[in-house]
Amino acid sequence: MEECIFCKIANHQQKTDIVFENEQIIVFKDMHPQAKVHLLIVPKKHIESINYLEEEDRELINQMIFLAKSLAKKQGIAVKGYRLFFNVGRGGGQIIDHLHLHLMGGGGLSDG
Ligand code: 5GP
Ligand code: ZN
């Protein structure tokens, strides 16, 4: 997946603002933030979208959600609230074809 920008970021071939990393997952700031806090929680494994998830990815998705919970707390947006979402396919607003979970909050959301 040499042409995939999120694979490049995961492999440290492309610089970005990384806020968390372990063996399976990397989290970095969105380059065009839509809110004060806008992080992308990205599995290092190249999965195109939720549509391409397999049984073996259950634990990975599990980890991503719990990581979002802890990052929301660390970023100080857990109490007020935040938005957590996957865009799936062009009709769902997905531009980058490498699975990513958006974590957004801290002001700038359309409804507060
Ligand atoms: P999507 O619309 O696919 O769900 O979201 C892709 C997100 O990735 C967009 O919010 C976009 O701003 C962000 N993005 C695209 N390319 C890069 C990049 O090279 N670096 C970073 N940090 N964010 C990116
Ligand atoms: Zn990729």
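The values are calculated or read from the model by the stated rules, or taken from the named source; none is laboratory data. Only a predicted model underlies this, so the values are computations on that prediction, with no experimental measurement involved. FYI the Cβ positions are ideal-geometry reconstructions off the backbone, even for glycines, and counts take in every protein chain you see. Each accessible area value is taken on the protein alone, full model and side chains, heavy atoms only, with ligands, DNA and RNA left out. Shrake-Rupley method; radii C 1.70, N 1.55, O 1.52, S 1.80 Å.
Think of segment 5-105 as having a plus end and a minus end, set by charges on the Cβ of Lys, Arg, Asp and Glu; of PHE86, LEU39, GLN63, LEU39 sits farthest toward the positive end of this dipole.
Taken one residue at a time, the phi angles of segment 80-90 give Karplus couplings (6.51, -1.76, 1.60, θ = phi - 60°) of 5, x, 7, 10, 10, 7, 10, 8, 10, x, 4 Hz. Gly and Pro are set to x. When the trypsin sites (Lys or Arg not before Pro) in segment 1-61 are filtered for DSSP coil states and for at most 11 other beta-carbon atoms within 10 Å of their beta-carbon, the remaining sites are LYS15.
Charging the Cβ of each Asp and Glu at -1 and of each Lys and Arg at +1, and nothing else, the dipole of the chain about its Cα centre rounds to 660 debye. Using all pairs of distinct alpha-carbon atoms, the Kirkwood hydrodynamic radius of segment 5-105 works out to 13.8 angstrom.
For the pairs LYS15/LYS44; LYS15/LYS74; LYS8/LYS36, flag any whose C-alpha to C-alpha distance is greater than 18 Å. Don't skip to the answer; put the middle values down first.
Working: LYS15/LYS44 15 Å; LYS15/LYS74 23 Å; LYS8/LYS36 25 Å.
In this structure, LYS15/LYS74; LYS8/LYS36 lie more than 18 Å apart at Cα.
Hull volume per residue, based on the alpha-carbon atoms of segment 45-91 and their convex hull, is 93 Å³. By a 1.4 Å probe calculation restricted to protein chains, HIS102 has an accessible surface near 20 Å², given to the nearest 10.
Helix 58-74 and the longest principal axis of the C-alpha atoms of the chain enclose an angle of approximately 30°.
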